[in-house]
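What follows is a single structure, written as structure tokens, with notes after it.
The values are calculated or read from the model by the stated rules, or taken from the named source; none is laboratory data. Worth saying up front: this structure is predicted, and the values here are computed from it rather than measured. Quick reminder, even Gly has a Cβ in these numbers, built from the backbone with ideal geometry, and neighbours come from all protein chains shown.
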Amino acid sequence: MAIKAMGRRTRPPAAEVSEGTWIEVAALDKRYQPRRSAPTQALVDINLTVRRGEFISVVGPSGCGKTTLLKILAGLSPKSAGTVRIAGREVTKPLPEVGMVFQAPTLLPWRTIFDNVMVPAEIQKLDPARHRERAQQLLDMVGLTGFERKYPHELSGGMQQRAGICRALVHDPAVLLMDEPFGALDAMTREYMNVELLRIWRESGQTVVLVTHSIPEAVFLSDRVVVLSQRPGRIAEIVPIDLERPRDLGVMSSDRAGVYVDRIRAHFNAASVID
Amino acid sequence: MATTEVVGGARTPAPEKPTRRRLDLRERPQLWLVPAVFVVVVLAWEYGTELFSVDEYVLPRPSQIFDALGRQLGDGLFWSHLWVTSREALLGFLIGVGAAVLLGTFISQVKVVEATLMPYIVAFQTVPKVALAPLFVLWFGFGLTSKVVMAAVISFFPMLVNVIEGLRAADADRIQMLTVFGAGRAQIFRMVRLPTALPFIFAGLDIGIVFAILGAVVGEFIGAKEGLGYLLLQTNYNFDISGMFAVLVVLSVMGLVAHFVIRLLQRRLAFWAEDTRVIGA
């Protein structure tokens with residue numbers, strides 16, 4: 001809607017990138033080499049392509065490397081081997097066309113909510129007037145109208161996390177990365193935020209990669225769920241979620257959703273990992 | 001510390017806090033307990049010294065100190081002493097604290113500099129700076145300079161430690177957040193490291209200003225022809241013990257005023273920090 005109508009600011013994609021391979025991960029390996037001990041293999045042979053506008057979730061047992069995968073996509077952590085491309089660009093450092101939502105809201109306590117949302121636009125020296133307008137639209141969209149001049153400590157955890165989502169979207173990134181963004185919220189707020197996230201995604205049209213602990217959350221939100229095995233993390237299965245959109249929480253009590261949840265959970269039961 | 005609480009009640013960014021709490025004596029008993037303790041101590045002192053007939057040359061009574069204070073405040077010469085000491089302390093404070101901010105920033109940002117200088121700083125920090133006062137008077141004379149140097153040196157170290165510690169204290173998650181959005185070193189410094197250091201810097205200022213007054217007075221003890229430290233010695237030589245106490249009262253008030261000015265600035269500029277971790281006092 002209004003948000004989408006602003007058009008994309010992002011650099012035009014590098015030549016010959018197809019919308020079908022908006023994110024491209026091929027033969028990705030990640031090893032950690034501690035100074036005085038044997039190397040740890042974190043990720044093995046990860047192959048994944050994500051369409052533009054697709055919603056992907058990554059689930060897996062604790063320590064399987066799902067956050068590592070996200071950090072590599074964000075350009076925060078170097079890969080050991082393989083290819084990682086976002087919108088046709090090799091990821092070697094953080095790309096301006098990526099927005100990220102963290103486990104904790106990570107707002108700056110000395111900035112108002114509005115100024116927190118503006119942080120990426122300030123860092124990337126984007127046109128202030130235009131992005132002020134966009135920041136306001138995003139805040140309106142997530143229901144934070146009237147809280148622009150408040151400081152983070154005056155807001156609840158859920159509201160802070162919503163401000164964090166606005167911040168991740170303010171520079172109109174091609175890809176939105178989310179690292180267990182709702183893990184710290186209570187169950188009620190979490191469900192509410194899931195519904196909100198779907199609405200935001202529908203309106204902003206970003207390509208989303210979400211890391212989560214919660215299988216139902218992954219099924220509810222995603223077009224496809226990537227299941228990682230125990231460390232070293234390999235892709236155990238990619239489960240397409242064929243539930244009609246737009247979805248509401250009622251979908252989750254349907255048999256088909258239950259089948260998806262059971263199918264994903266079976267991977268963890270087989271590995272006797274409760275997560 | 002009742003006054004601190006009152007200032008706290010007027011904090012800018014929390015407008016939803018009702019201001020009527022300000023006078024709630026039940027919730028904040030210190031509002032009457034602090035003045036009450038003052039009254040009790042002064043009365044006990046006043047009548048205790050009379051009861052045990054303590055000599056005025058040993059411990060004057062509060063009323064005598066009050067009289068002496070009135071006498072001094074009415075004397076133009078006293079104000080010139082006050083001005084001299086204030087100027088020495090303030091100049092020394094600004095120089096010491098300014099140098100500490102510059103050096104501290106440099107040390108915290110360049111690893112080699114830190115590795116090279118830290119041993120010297122730690123070693124020099126253990127030197128009792130007050131003991132350097134005779135040397136400074138020898139080098140810089142009886143005038144203003146030796147006291148300014150003393151005040152600067154003594155307020156420099158707590159500030160330096162706080163600046164270094166504060167610039168290091170930035171939260172790794174916040175730095176990572178800025179990095180994801182493409183921030184470089186300078187932007188990370190400006191957007192996270194500096195604001196994080198601000199409460200530490202105020203802690204350094206708070207200790208620094210009190211130390212600067214101390215430094216100026218000690219410098220005057222060693223060799224001076226004016227200033228409150230000089231006046232303290234003069235009243236002592238003349239057995240004007242009430243006058244001595246009056247000078248001490250004035251020095252305390254100077255320290256208190258400086259402390260509250262800095263606290264006020266802190267509540268304005270570093271309003272998000274609830275309490276300050278004081279380092280290097």
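For the condition at pLDDT 95 or above and more than 14 Å from every other protein chain (Cβ to nearest Cβ), what is the one hit in B:132, B:90, B:167, B:138?
B:90
Specify the residue that is surrounded by the most Cβ atoms within 10 Å (Cβ to Cβ); the eligible residues are those in segment A:73-114 that are polar (S, T, N, Q), touching an Asp or Glu at 6+ places or on another chain (Cβ under 6 Å) and at the interface with chain B (Cβ under 9 Å from one of its Cβ atoms).
That would be A:106.
Of the residues A:184, A:163, A:168, which single one is within 14 Å of another protein chain (Cβ to nearest Cβ), more than 12 Å from the chain's Cα centre (by Cα) and assigned to a helix (DSSP H, G or I)?
Of the residues listed, the single one that is within 14 Å of another protein chain (Cβ to nearest Cβ), more than 12 Å from the chain's Cα centre (by Cα) and assigned to a helix (DSSP H, G or I) is A:163.
Among A:267, A:171, which is farther than 21 Å from residue A:76 by Cβ, touching a strand residue (DSSP E or B) at 6+ places or on another chain (Cβ under 7 Å), surrounded by 19 or more Cβ atoms within 10 Å (Cβ to Cβ) and not small (Gly, Ala, Ser)? Let's see the steps before the verdict.
On the way: A:171 fails: farther than 21 Å from residue A:76 by Cβ.
Every option except A:267 fails the conditions.
May I ask you to list the residues in segment A:32-67 that are modelled with pLDDT under 90, of a type outside the set (Gly, Ala, Ser) and surrounded by fewer than 16 Cβ atoms within 10 Å (Cβ to Cβ)?
Residues satisfying the conditions are A:32, A:33, A:34, A:35, A:36, A:39, A:40.
When residues of segment B:237-274 are filtered for being assigned to a helix (DSSP H, G or I), away from chain A (no Cβ under 14 Å) and modelled with pLDDT under 90, how many remain?
3
Restricted to segment A:27-67, and to residues that are more than 23 Å from residue A:222 (Cα to Cα) and assigned to a loop (DSSP other than H, G, I, E, B), which residue is farthest from the other protein chains (Cβ to nearest Cβ)?
So the residue we want is A:38.
Find the residue count for segment B:153-190, including only residues that are in a helix (DSSP H, G or I) and either without any contact (Cβ under 8 Å) to a residue 24 or more places away in the chain or more than 21 Å from residue B:118 (Cβ to Cβ) (or both).
14
Per-residue answers, yes or no, for (1) within 30 Å of residue B:81 (Cα to Cα); (2) touching a His at 6+ places or on another chain (Cβ under 6 Å); (3) buried (at least 22 other Cβ atoms within 10 Å of the Cβ); (4) of a type outside the set (Gly, Ala, Ser):
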| site | (1), (2), (3), (4) |
| --- | --- |
| B:117 | no, no, no, yes |
| B:133 | yes, no, yes, no |
| B:136 | yes, no, yes, yes |
| B:150 | yes, no, yes, yes |
| B:153 | yes, no, yes, yes |
| B:159 | yes, no, yes, yes |
| B:164 | no, no, yes, yes |
| B:171 | no, no, no, yes |
| B:175 | no, no, no, yes |
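Among the listed residues A:70, A:144, identify the single one that is in a loop (DSSP other than H, G, I, E, B) and buried (at least 20 other Cβ atoms within 10 Å of the Cβ).
Residue meeting the stated conditions: A:144.
What is the one condition in (1) more than 14 Å from chain A (Cβ to nearest Cβ); (2) surrounded by fewer than 19 Cβ atoms within 10 Å (Cβ to Cβ) that residue B:215 does not satisfy?
Condition (2) is where residue B:215 drops out.
Could you tell me which numbered condition residue B:222 fails, if it satisfies all but one of (1) away from every other protein chain (no Cβ under 14 Å); (2) more than 20 Å from residue B:263 (Cβ to Cβ); (3) buried (at least 22 other Cβ atoms within 10 Å of the Cβ)?
Of (1) away from every other protein chain (no Cβ under 14 Å); (2) more than 20 Å from residue B:263 (Cβ to Cβ); (3) buried (at least 22 other Cβ atoms within 10 Å of the Cβ), only one is false for residue B:222: (3).
Let me confirm something: among B:177, B:191, which residue is more than 18 Å from residue B:273 (Cβ to Cβ) and within 10 Å of another protein chain (Cβ to nearest Cβ)? Don't jump to the end; show me each part of the working.
On the way: B:191 fails: more than 18 Å from residue B:273 (Cβ to Cβ).
Only one candidate passes the filter, namely B:177.
Any idea which residue in segment A:119-134 is nearest to the other protein chains (Cβ to nearest Cβ), counting only those that are over 15 Å from residue B:188 (Cα atoms) and crowded, with 17+ Cβ neighbours inside 10 Å? Spell out how you get there, then give the answer.
Taking segment A:119-134 first, the residues over 15 Å from residue B:188 (Cα atoms) are A:126-134.
Adding the requirement that they be crowded, with 17+ Cβ neighbours inside 10 Å leaves A:126, A:131, A:134.
On the way: A:126: 11, A:131: 13, A:134: 15 Å.
Among those residues, the one meeting the criterion is A:126.
Among the numbered conditions (1) within 13 Å of another protein chain (Cβ to nearest Cβ); (2) under 23 Å from residue A:180 (Cα atoms); (3) outside any loop (DSSP other than H, G, I, E, B); (4) not polar (S, T, N, Q), tell me where residue A:139 comes up short.
(1)
If you check residue A:77 against the conditions, is it touching a residue at least 24 places away in the same chain (Cβ under 8 Å), in a loop (DSSP other than H, G, I, E, B), in contact with a Lys or Arg (Cβ under 6 Å, 6 or more places away or on another chain) and at negative phi?
Considered against the rule, which asks whether it is touching a residue at least 24 places away in the same chain (Cβ under 8 Å), in a loop (DSSP other than H, G, I, E, B), in contact with a Lys or Arg (Cβ under 6 Å, 6 or more places away or on another chain) and at negative phi, residue A:77 comes out as yes.
Determine whether residue B:35 is closer than 27 Å to residue B:270 by Cα and either in a helix (DSSP H, G or I) or modelled with pLDDT under 95 (or both).
The answer is no for residue B:35.
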